[in-house]
Amino acid sequence: MKRIYILALALAVVFGMSFSAHAKKRYVFGGGPAGGTFQIVANAIQVFGPIKDNPNFSIKAQSSGGSTENLRTVNAGRCAFGTVYAGEVYLGRNGKLTGDPNKYENVLAVGYLYGAPAQLVIRKGSGIKSAKDLAGKKVGVGNAGSGAFANCERFFTHLGIWDKIERNAMGYNDAAQAFGNEQLDAFWLLTAFPSGAVIMAAQTNDIDLVDVGADAENSGYFKAYPYFGKLTIPAGTYRGVDRDTPSFFDSALLVANADVPAEDVYALLKAVWSEEGLKHMVGQKKTFKAMSMADGLKGINPAATPLHPGAVKFWKEMGVLK
C-alpha cells in the first residue's frame, strides 16, 4: 500500500511538472493612469483576439503612474512589457534621470506607438502667453511617477519656473476636474491629442493652449534635449482653440524586459503590427493611426536605445531594420 502511495505521488509530481511546463505564461503590461493613452495601449493589446488566443502567453494590463514607473517596473521584471517615452528610456539607460542616477539597462525597445506632444491648458483671457507666466500659479503637473510629471519638471526647470509654481501632482482627468472647479490655473499633459481630459475641461471652460513650442525654441530646449521632435496641434482640435499651437513631442515606445523570450516578443509584434492588429488599435483610439509597419522604429535609435532580440528578428523580416 505504501509503495502504491509513493508511486501515485511520484506520478502526480511528474504530471504536475508537465502541466506547469506547458501552462501559459502571463505577462504583466504596464499601462498608465486613467485618462491617459498608456492605459489604452495596455488594455487594447490585452483584449486583442490573437493575443488572447496565443497558446504560449497572455497579457494582463496593469494601471500605473506612467512612463517613469513603467521604466522601473519593466527594468526590475515586475512588468514584462510597458509603454515608456523614448526620452525616459534614453535618460534612464544612461543614469541621467532627474534625481535618479540608477541605470535601467534591462529595458529594451520593441516598437514605436505614437508621438506624445506637450499640452499646457489655460483659461482663455487669463493673460498667460508663455509657460514663464505661470510663476505663482497653481498648476497640475501630471501624476507622480509619470512621464508627464518628469517632462514637466524637466521643461519647467529648464525655463526656471519649476520652483516658482504651486505644483499639484495628479492624473489628467483629476486635473481637468480641478481646473473646472477653479482649483488650478493651468494643467500640463504629455499625451496624444485629442486628449479626453482636455475635451472634458473644454466642456465647462473657455480654454486655450500655451505655445510651448515657442518657449522651447527660444530657451534652447531642443539643443539640450535633442530627442524631442516638433509638431503643431491643429486649430479646432479642442473647442474654442481656433489657432494652430506649436509644441514638442516625445515618442511613446513599446518596451520589454530583456529576459522576455525573443519568440514571445516576436509573436506579440507579429500580432499587433498585422493589418488586423493595426486596425484593432485604431479602433481603440484614433491616436494609433500613427502606428504602421513603415514607422515601426520611428523615434528609436538602436545605437542609443537597444532593441529586444525578438524585435530585431521581426523588424528585419519586415524589411524595416537593415
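Brief remarks on what is shown
- Taken over segment 297-319, residues that are in contact with a Leu (Cβ under 8 Å, 6 or more places away or on another chain) and either over 11 Å from A109 (Cα atoms) or hydrophobic (A, V, I, L, M, F, W, C) (or both) amount to 7.
- Among residues of segment 90-130, those that are assigned to a loop (DSSP other than H, G, I, E, B), free of Cβ contacts under 8 Å to residues at least 40 places away in the same chain, at negative phi and open to solvent by less than 50 Å² (accessible area, probe 1.4 Å), counted: 1
- When the criteria are applied in full, A290 meets the requirement of being under 25 Å from I51 (Cβ atoms) and in contact with a Phe, Trp or Tyr (Cβ under 6 Å, 6 or more places away or on another chain).
- Restricted to segment 175-283, the set of strands (runs of 3 or more DSSP E) holding at least 1 residues that are in contact (Cβ under 8 Å) with a residue 12 or more places away in the chain, over 24 Å from A144 (Cβ atoms) and open to solvent by 10 Å² or more (accessible area, probe 1.4 Å) comprises 207-209, 229-233, 245-257.
- All positions within segment 157-166 that are in contact with a strand residue (DSSP E or B) (Cβ under 9 Å, 6 or more places away or on another chain) and surrounded by fewer than 17 Cβ atoms within 10 Å (Cβ to Cβ): E166
- In segment 301-322, the residues that are farther than 19 Å from A80 by Cβ and assigned to a loop (DSSP other than H, G, I, E, B): N301, P302, A303, A304, M318, G319, V320, L321, K322
- Which listed residue is under 29 Å from V320 (Cβ atoms), modelled with pLDDT of 95 or more and open to solvent by 20 Å² or more (accessible area, probe 1.4 Å), from G77, G82: G77
The values are calculated or read from the model by the stated rules, or taken from the named source; none is laboratory data. Not measured: the values here are computed from a predicted model. Positions of Cβ are backbone-derived with ideal geometry, glycine not excepted, and every protein chain shown enters the neighbour counts. We work out accessible area using only protein heavy atoms, side chains counted, and drop any ligands, DNA or RNA first. Shrake-Rupley method; radii C 1.70, N 1.55, O 1.52, S 1.80 Å.
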